[in-house]
Amino acid sequence: MNKSKRDWEPRLVGFLCNWCSYAGADLAGTSRMQYPPNMRVIRVPCSSRVRPEFILRALQKGADGVLVAGCHPGDCHYTTGNYYTRRRFQVIKRLLTFLGVDPRRVMASWISAAEGGKYQQVVTEFVETIRELGPCDFRPTNGQIFVPAADERTDLGVVS
Amino acid sequence: MKRVGVFVCHCGSNIAGTVDCAAVVAAARRIPAVAYAEDNKYTCSEVGQEQIRKAVQTHNLDRVVVAACSPRMHEATFRKTIASVGLNPYMLEIANLREQCSWVHSDRQAATAKAIDLVRLAVAKVLYNKPLFTSTLPVKKRAVVIGGGIAGIQAALDIAEAGHPVTLIERSQSIGGRMAQLDKTFPTLDCSSCILMPRMVDVGAHPMIDLMTYSEVEEVDGFIGNFRVKVRQRAKSVDHSKCTGCGECTEKCPTQVPAEFEAGLGERKAIYTDFPQAVPNKPVIDRDHCRYFLDGKCGICRKVCQADAIDYTQTDRQVEIEAGAIVVATGFDLFDPAKYGEYGGGRYPDVITGLQFERLISASGPTNGEIRRPSDGRVPETIAFIKCVGSRDEAHGVPYCSRVCCMYTAKQAMLVKEHAKDSKVYIFYIDVRAAGKGYEEFYQRAQTDAGATYVRGRVAKIFPRGEKLVLWAEDTLIGKQLELEVDLVVLATGIVAREGAVEFAQKMGISYDGHRFYSEAHPKLRPVDTNVDGIFLAGACQGPKDIPDTVAQASAAAVKVCSIFSKEELETNAMVATVDENICAGCFHCRAVCPSGAIDSKILHAWVAGQDVTRRVATVNSGVCQGCGSCAAACPSGAMNVGGFSNEQILGEVEAL
């Protein structure tokens, strides 16, 4: 992925659940709601299908931000999938901090099949957030090792 | 060598207007795995599909990417297309160039760049697609209908008439439900019993319907075509095979208990039927109130029973039913007006609910159809009806409209004219909602023929003054406060979900909304399906409904059940989870997160150094698995995978970013 600083545009990946958020994104389309073209969507059956590994790999591959979107709590097509997503995100956020990635680069959102407008808004705002954060350099080859500050270590459950 | 074909659709100008399709095709051709790429005006048209078929054959393609509209639109179409030329239907991926690209971006260059990316992602994914196969499962051709109100009755009769056996499960002594409690129905003023009772008799007599009253569902497991429903049949203490239904026991029983059927206005005995026309018309003993069960004395019913049918030793029975489909028709409760302190909170006997009023005007009710005040038995001269009690009131009740109260209040106003000609009727309302066939006309008649006075405004307070009740209200049309002395107040209480609705939904695995009503699979296109295949909804358990809508939905559910029963075998979902048994360590994190209970364990044997070594691994029941992939995300070793959304496919897409 080409990342010259001058004409850098945020590259976002969206893991959208098939039943709510992907349908919500489709609805944004049928309603002709315009949003920035920075998002590349990967369809998943349920937000709970997203292994944390997918998110990290996307960041390694040059994504500047990752969105995981699913049905609203209580509305999951599979009843409970999004609850696991919600819990998993608590851990992912801390993992990102530990890895030296700004946790704002990875976000979860609940977008229903009826919320085309919300999808438009989420994408637009997320692109802006990432634009402010700048390019993400989380490639395994950059040679940087993140060392958490001393006071962060206990917070992250790290024993040095 | 994998050979991918890419077909870019213009969709007229829908895609081609914003995306340079020729550039997308050119970019696709540069991908090494792409053996063939072309664009069409309309790929989904017969011409477009034929081009795919021809290309698959001439270029020996083994997988296909269609860059067109959303996969939610035409995935099934193109799967059939490639299947018709011998490819496995799952060797297809769709790049969504319309809903998620051309329609949402206006910059041609950026949209084309994104479209090329989307095609690259789809190609990267399709390279890891594997042929998937459905399997078949036998169908148990018996339906279980839960709830014996008009919804359950209609569904059971329709399924039975189609020739399939039905087990109808009802919690109380008799079927009939709420409709049996009503006096007349809007907008025709048909007598509710007169149209319901013949249906109830049909259910009782139908050779294909197995009626289980006084029974409750305890547990449901299994899946479409193969459910197992555990039912607890409570001890009736009466041997119904001997009982003749003469009613002698009920007459002689010395214990009086408030009758559920009379909504608190009447009494029943401890050995009872819900109402005189009950089906089955054979009594049960309420053990919580029967003197024999409380202190061992009495036994009068046994003495007077000439058929020797009374059996105090009966115990609860657990029955397991195997069924292919289930209809949930568990009905509704009425909002409890005790939450309205300003209306007396249940302290004033002459402030009653709409359902109690139904019992008052019913010829078989506690007053034999005469409208009399519960407090002193006087015929009321003025009656006030208050609508939207509980409904459309987030402060006390629920935000939604209960849909039936406007009409049943209009009906009750008409019936006041029939039963107590000289009584004056006032109706307090927020809006009148009379949307239904013949409903508006009926509402107009309530004003013109019955002379009901409609007052727009909420009643702020009710309090007693002597023998009368005083209403403080505001007439918002003339902007004046008013005080009204009346003899009887009827609260049009709204419809709420059954008590225990959530626990029951959890037993069934079906989802429910914020108001505890059961959720349909799609609000527009699948209004009777649930999120669980093979379980359908009928009636007010899904949301407030009047009788015609309930009956329509029940018949729709019956048709859905019959369409399952029209097949000998069901095809399972091909996109389900699979286990790599070589890697699986048997930790069962997958089982903990599986929402459908599709994961079992199995023991693997291996001979190692002459010894039988066993290992426990996970196994997926492909008939139950819904393919959500929670297990694949939770699996620490990567042994779990999902067909169609495998780790390799998704990582393939990620790699192509």
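Structural remarks
- Answer from B:236, B:282, B:230 - the residue that is basic (Lys, Arg) and outside any loop (DSSP other than H, G, I, E, B): B:230
- Qualifying residue in segment B:523-535 (condition: assigned to a strand (DSSP E or B) and free of Cβ contacts under 8 Å to residues at least 24 places away in the same chain): yes
- You will find that of B:555, B:566, B:630, the residue that is polar (S, T, N, Q) and loosely packed, with under 15 Cβ neighbours inside 10 Å is B:566 and no other.
- Filter result for residue B:516 (open to solvent by 10 Å² or more (accessible area, probe 1.4 Å) and at positive phi): yes
- Verdict on residue B:202 being modelled with pLDDT of 95 or more, surrounded by fewer than 20 Cβ atoms within 10 Å (Cβ to Cβ) and in contact with a helix residue (DSSP H, G or I) (Cβ under 8 Å, 6 or more places away or on another chain): yes
- Test: residue in segment A:18-27 that is more than 9 Å from chain B (Cβ to nearest Cβ), closer than 30 Å to residue B:576 by Cβ, open to solvent by less than 20 Å² (accessible area, probe 1.4 Å) and not in a helix (DSSP H, G or I): yes
- Scanning segment B:564-620 for residues that are among the hydroxyl-bearing types (Ser, Thr, Tyr) and either over 26 Å from the mean Cα position of the chain (by Cα) or more than 14 Å from every other protein chain (Cβ to nearest Cβ) (or both) yields B:566, B:572, B:578, B:601, B:614, B:619.
- Filter pass, residue B:645 being of a type in the set (Phe, Trp, Tyr), crowded, with 22+ Cβ neighbours inside 10 Å and touching a residue at least 12 places away in the same chain (Cβ under 8 Å): yes
- Residue check, residue B:637 of a type in the set (S, T, N, Q), closer than 24 Å to residue B:128 by Cβ and in contact with a Pro (Cβ under 8 Å, 6 or more places away or on another chain): no
- Criterion violated by residue B:131 - all others in (1) more than 14 Å from every other protein chain (Cβ to nearest Cβ); (2) crowded, with 24+ Cβ neighbours inside 10 Å satisfied: (2)
- With a requirement of 3 or more residues that are of a type in the set (A, V, I, L, M) and over 29 Å from residue B:239 (Cβ atoms), the strands (runs of 3 or more DSSP E) lying completely within segment B:299-376 that satisfy it span B:325-328.
- Evaluating residue B:408 against the criteria (1) under 30 Å from residue B:256 (Cβ atoms); (2) part of a loop (DSSP other than H, G, I, E, B) leaves one unmet condition, (2).
- Being facing another protein chain (nearest Cβ under 8 Å), in contact with a Lys or Arg (Cβ under 7 Å, 6 or more places away or on another chain), among the charged types (D, E, K, R) and open to solvent by 10 Å² or more (accessible area, probe 1.4 Å) is a description that does not apply to residue A:75.
- Residues located in segment B:97-112, provided they are crowded, with 24+ Cβ neighbours inside 10 Å and more than 7 Å from chain A (Cβ to nearest Cβ): B:97, B:101, B:102
- Filtering segment A:42-56 to residues that are at the interface with chain B (Cβ under 7 Å from one of its Cβ atoms), under 16 Å from residue B:656 (Cα atoms) and either among the polar types (S, T, N, Q) or not in a strand (DSSP E or B) (or both) leaves only A:54.
- Here residue A:35 meets the list (1) within 7 Å of chain B (Cβ to nearest Cβ); (2) not in a loop (DSSP other than H, G, I, E, B) almost entirely, failing just condition (2).
- Close contacts from segment B:248-259, counting a first residue that is in contact (Cβ under 8 Å) with a residue 60 or more places away in the chain and a second that is open to solvent by 50 Å² or more (accessible area, probe 1.4 Å) and part of a helix (DSSP H, G or I), with Cβ to Cβ under 8 Å and a gap of 6+ residues or different chains, come to B:249/B:300.
- Residue within segment B:411-421 that is farther than 20 Å from residue B:336 by Cα, modelled with pLDDT under 95 and in a loop (DSSP other than H, G, I, E, B) present: yes
- Taking the criterion of being touching a helix residue (DSSP H, G or I) at 6+ places or on another chain (Cβ under 9 Å) and open to solvent by less than 10 Å² (accessible area, probe 1.4 Å), the only residue of segment B:600-626 that qualifies is B:618.
- Number of positions in segment B:476-498 that are under 15 Å from the mean Cα position of the chain (by Cα) and of a type outside the set (Val, Ile, Thr): 2
- Filtering segment B:61-85 to residues that are more than 14 Å from chain A (Cβ to nearest Cβ) and free of Cβ contacts under 8 Å to residues at least 12 places away in the same chain leaves B:80, B:83.
- Pairs meeting the criteria (first residue in segment B:18-36 and closer than 12 Å to residue B:4 by Cβ, second residue polar (S, T, N, Q), beta carbons under 9 Å, at least 6 apart or on different chains) are B:35/B:60; B:36/B:58.
- Residues that are more than 17 Å from residue A:115 (Cα to Cα) and within 11 Å of another protein chain (Cβ to nearest Cβ), drawn from segment A:60-72: A:60, A:61, A:62, A:63, A:64, A:66
- Residue match in segment B:134-153 (condition: out of contact with any Lys or Arg (no Cβ under 9 Å at 6 or more places or on another chain), under 30 Å from residue B:40 (Cβ atoms) and within 14 Å of another protein chain (Cβ to nearest Cβ)): no
- Count of segment B:56-89 residues which are over 30 Å from residue A:34 (Cα atoms) and crowded, with 22+ Cβ neighbours inside 10 Å: 5
- Test: residue B:223 is hydrophobic (A, V, I, L, M, F, W, C) and farther than 30 Å from residue B:567 by Cβ: no
- The lone exception for residue A:100 - which of (1) over 24 Å from residue B:627 (Cα atoms); (2) modelled with pLDDT under 95; (3) open to solvent by less than 20 Å² (accessible area, probe 1.4 Å) it fails: (3)
- Subset of segment B:424-444 (residues that are crowded, with 17+ Cβ neighbours inside 10 Å and farther than 14 Å from residue B:489 by Cα): B:432, B:433, B:434, B:436, B:439, B:442, B:443
The values are calculated or read from the model by the stated rules, or taken from the named source; none is laboratory data. None of the values given here were measured: they were computed from a predicted structure. No Cβ is skipped: glycine too gets one built from the backbone with ideal geometry, and neighbour counts run over all protein chains shown. Heavy atoms of the whole protein, side chains included, go into the accessibility calculation; ligands, DNA and RNA do not. Shrake-Rupley method; radii C 1.70, N 1.55, O 1.52, S 1.80 Å.
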